[in-house]
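The values are calculated or read from the model by the stated rules, or taken from the named source; none is laboratory data. As the structure is a computational prediction, the values presented were derived from the model and not from experiment. When we count neighbours, we look across all protein chains shown, and the Cβ atoms used for this are built from the backbone with ideal geometry, even at glycine. The area values use the complete protein model at the heavy-atom level, side chains included, leaving out ligands, DNA and RNA. Shrake-Rupley method; radii C 1.70, N 1.55, O 1.52, S 1.80 Å.
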Amino acid sequence: MKTTSKRLLLLSLCCLVLAQLTAQTAGDSLKVVTRSTMLGIGRTNVLDTYLSQEHFKGLGFSFLVSIERQKGHSHWATLMEHEGNLSVVKDRANSKKELEGAYNFYWGRLYGWQLLGDRLRLQAGALLNASLGVIYNTSNGNNPTQARLHLNLMPTAVATYHFRLSAIPLAARYELSLPLCGIMFSPNYGQSYYEIFARGNYDHNIVPTTFVSAPEWRHMLTLDAQLGRKLTLRVGYLGNMQQSKVNGLRQHVYTHRLLIGITKRFSIIPRAL
């Protein structure tokens with residue numbers, strides 16, 4: 001009888017340890033995903049000296065999807081953002097028009113710290129930005145189009161503060177990204193796209209860039225208001241100031257957007273084997 005009791009006790013302890021290890025493994029494998037989908041509207045300022053010496057300004061629209069994934073109790077998080085822009089801009093005399101469109105993809109890793117009783121979360125890391133865009137001048141006969149392609153490494157910092165207003169949970173978030181280095185495509189001064197692609201005349205068209213030759217300042221301030229168990233409203237501002245001065249050409253595209261959208265936060269629980 002004593003031997004049986006000892007065996008049952010040992011078996012119970014083994015089951016308890018196994019359950020604890022299983023729970024810990026599941027907790028470490030648990031993924032928390034925060035996904036925000038937003039629409040934006042605001043002003044756009046465009047200068048591209050390959051197409052024109054004029055500054056063009058007008059109205060633009062943006063579509064932004066931000067996805068953040070964090071695994072278990074890890075301090076590391078993966079941030080991925082898709083940003084699409086479309087603008088119609090005119091010169092100061094309101095006689096010429098340009099169309100500007102771009103897609104920016106951001107992917108990176110951020111390390112986080114929890115402060116003030118988990119109300120404040122600070123993150124720091126870097127994002128890789130791949131950008132593909134075009135500027136089309138409707139008045140130009142020769143070379144009416146300028147392609148925009150660049151790849152940047154951008155140090156990034158994020159601060160998120162959780163608080164309440166009456167009975168409504170709120171979260172204020174600020175994200176800042178600055179360029180460090182990268183590469184971009186650019187025709188040289190006086191070089192046509194026909195020379196580059198039809199005749200194959202390469203003239204320093206793939207250009208290494210730094211924060212000096214291609215400065216950029218992208219920042220986003222948002223406020224989340226939890227209105228129900230499954231509905232979180234997000235409003236905010238997105239500013240993206242992209243510039244470059246390479247191959248004797250200057251270019252900048254400044255976008256300012258007021259944002260509105262929804263945020264969803266959910267967990268992915270791994271299947272037990």
- Counting only residues that are within 20 Å of S62 (Cβ to Cβ) and either open to solvent by 40 Å² or more (accessible area, probe 1.4 Å) or of a type in the set (V, I, T) (or both), how many does segment 139-151 have? 1
- Report, by residue number, each residue of segment 39-54 that is open to solvent by 20 Å² or more (accessible area, probe 1.4 Å) and either part of a strand (DSSP E or B) or touching a His at 6+ places or on another chain (Cβ under 9 Å) (or both). L39, I41, R43, N45
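If you go through segment 55-64, how many residues are surrounded by fewer than 20 Cβ atoms within 10 Å (Cβ to Cβ) and within 30 Å of Q191 (Cβ to Cβ)?
3
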- Task: For segment 171-186, enumerate the residues that are open to solvent by less than 60 Å² (accessible area, probe 1.4 Å) and either under 14 Å from the mean Cα position of the chain (by Cα) or at pLDDT below 95 (or both).
- Result: R173, E175, L176, S177, P179
- Query: Limited to segment 6-64, what total is found for residues that are of a type in the set (G, A, S), at pLDDT 85 or above and either over 27 Å from the mean Cα position of the chain (by Cα) or under 27 Å from S95 (Cα atoms) (or both)?
  - Reply: 6
- Out of (1) free of Cβ contacts under 8 Å to residues at least 60 places away in the same chain; (2) in a strand (DSSP E or B), what's the single condition that is false for S87? (1)
- Query: Being open to solvent by less than 40 Å² (accessible area, probe 1.4 Å) and modelled with pLDDT under 95, is that true of even one residue in segment 152-164?
  - Reply: no
- Item | Matching residues in segment 126-138 - criterion: being open to solvent by 30 Å² or more (accessible area, probe 1.4 Å) and either touching a residue at least 60 places away in the same chain (Cβ under 8 Å) or under 24 Å from the mean Cα position of the chain (by Cα) (or both) | A126, L128, A130, L132, V134
- Task: Just give me the residues in segment 214-227 being more than 14 Å from S177 (Cα to Cα) and open to solvent by less than 30 Å² (accessible area, probe 1.4 Å), in sequence order.
- Result: T222, D224, A225
